[in-house]
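The values are calculated or read from the model by the stated rules, or taken from the named source; none is laboratory data. This structure is a prediction, so every number in the text was calculated from the model and none was measured. Positions of Cβ are backbone-derived with ideal geometry, glycine not excepted, and every protein chain shown enters the neighbour counts. Surface accessibility is based on the protein's heavy atoms, side chains included, excluding ligands, DNA and RNA. Shrake-Rupley method; radii C 1.70, N 1.55, O 1.52, S 1.80 Å.
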Amino acid sequence: MTNTTHFGYKTVSEDEKVHEVAKVFHSVASKYDVMNDLMSAGLHRVWKAFTIAQAGIRPGFKVLDIAGGTGDLSKAFAKQAGPSGEVWLTDINESMLRVGRDRLLNKGLVTPTLLCDAEKLPFPDNYFDRVSVAFGLRNMTHKDAALAEMRRVLKPGGKLLVLEFSKVAAPLQKPYDVYSFSVLPWLGQRIAGDADSYRYLAESIRMHPDQETLKSMMETAGLERVQYYNLTAGVAALHTGIKL
């Protein structure tokens, strides 16, 4: 019997979700950063800067950037970890990974890049000082399995950082819904020639666990001292947890 899950508001088989998510990111890869700037009014850069600050990367650190996409976090981490460090840019989508790899190389940063599934990380136990995932957990079919894998590859004392869209504060809910379901698809069509992918984005945000639920999921995965920071009234949230 085939297991089902959600793709936005649709119920699909797990295999179909993997295929559909891949199509979304193959479609938007070349316009990904432009669209992020437009649809967040540049705020995604502020959210990522906060995440980078909370990561506290030091020279020599080993860092895993999961669903690293176009490489914003990996670029900062690689500069901070320095030549004695080791920063891996990974993504399950080849188109996104290629864009990220090229951008790092254009900045003179030669870091390992790897096409891999966050639910089955090809790294040894207790290897990384930091693991990050920015705007990627939402698209994973088995979030609990992915979180358990992230914890597995962390060293004792290592930190996981999960930056993701979350549940917006109640007074902003109605205007946020109008923006998400009307403006975003329109922008997607005008800029990326793809309204459907950005309609999926809006739906996937609503289907993603809220702040408290994700906090509980991280604790269930075995992480300690889990906390979260609401960013821009909860439009996004950064969750952090420690492996003890």
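With a 1.4 Å probe and all protein chains left in place, how much accessible area per residue does the chain have, in Å²?
Per-residue accessible area for the chain comes out at 46 Å².
Add +1 for every Lys or Arg and -1 for every Asp or Glu among the other residues with Cβ under 11 Å from the Cβ of Tyr198, and state the total.
Details: positive: Lys31, Arg190, Arg199; negative: Asp194, Asp196, Glu203.
With Lys, Arg at +1 and Asp, Glu at -1, the net is 0.
On a C-alpha basis, how far is the centre of segment 171-195 from the centre of segment 95-109 in Å? Whole number, if you could?
Centre-to-centre distance over Cα atoms comes out at 28 Å.
On a straight-distance basis, which lysines could pair with Lys167 in a cross-link, Cα separation under 27 angstrom, same-chain partners fewer than 8 positions away excluded?
Reachable lysines: Lys10, Lys17, Lys23, Lys31, Lys48, Lys143, Lys159, Lys215, Lys243.
What is the spread of the Cα atoms of segment 37-148 along each of their three principal axes, largest first, in whole Å?
37, 32, 26
Compute, for Leu114, the solvent-accessible surface of its heavy atoms (probe 1.4 Å) with the complete set of protein chains present, and express it in square angstrom to the nearest 10.
Surface open to solvent at Leu114 totals about 50 Å².
Which of Ser30, Ser74, Ser132 ends up with the largest GNM mean-square fluctuation for the chain, with Cα atoms connected below 10 Å?
Ser30
Give me the number: length gained by fully extending Asn230 to Leu244, i.e. 0.36 nm times residue separation minus the C-alpha to C-alpha distance, one decimal in nm.
2.6 nm
In the chain, what percent of the accessible surface is made up of carbon and sulfur (1.4 Å probe, ligands and nucleic acids excluded)?
The computed percentage sits at 55.
Sorted by mean Cβ packing within 10 Å, highest first, what order do the peptides 225-232, 136-143 take?
Packing order, densest peptide first, comes out as 136-143, 225-232.
Can you tell me the relative contact order of the chain? Whole percent, Cα pairs under 8 Å, sequence separation 6 or more. List each step's numbers first, then the result.
Numbers: 449 pairs, mean separation 46.4, N = 244.
Relative CO of the chain lands at 19 percent.
What does the charge add up to near Lys48, with Lys and Arg as +1, Asp and Glu as -1, over the other residues with Cβ less than 15 Å from its Cβ? List each step's numbers first, then the result.
Numbers: positive: Arg45, Lys75, Lys79, Arg103, Arg130; negative: Asp33, Asp37, Asp65, Asp72, Glu164.
Neighbour charge sum, excluding Lys48 itself: 0.
With springs only between Cα atoms under 10 Å, which of Val131, Val24, Val162 fluctuates most in a Gaussian network model of the chain?
Looking only at Val131, Val24, Val162, the biggest GNM fluctuation is shown by Val24.
Rg/Rh for segment 170-212: what does it come to with C-alpha atoms and Rh from Kirkwood?
1.04
How many percent of Cα pairs in segment 159-244 exceed 21 Å? Show your work: numbers first, answer last.
Working: 1442 of 3655 pairs.
Value for segment 159-244 (Cα pairs over 21 Å): 39 percent.
Give me the Kirkwood hydrodynamic radius of segment 98-244, using the inverse of the mean 1/r over all pairs of distinct Cα atoms, in Å to one decimal. Could the numbers behind the result be given before it?
Details: mean 1/r = 0.0594 Å⁻¹.
With all distinct Cα pairs of segment 98-244 included, I get 16.8 Å.
Calculate, for Leu115 and Asp210, the FRET efficiency according to 1/(1 + (r/R0)^6) with r their C-beta to C-beta distance and R0 30 Å; round to the nearest 0.05.
0.45
Out of Tyr9, Phe123, Val63, whose Cα points farthest toward the positive end of the dipole of the chain (charges: +1 Lys, Arg; -1 Asp, Glu; placed on Cβ)?
Farthest towards the positive pole: Val63.
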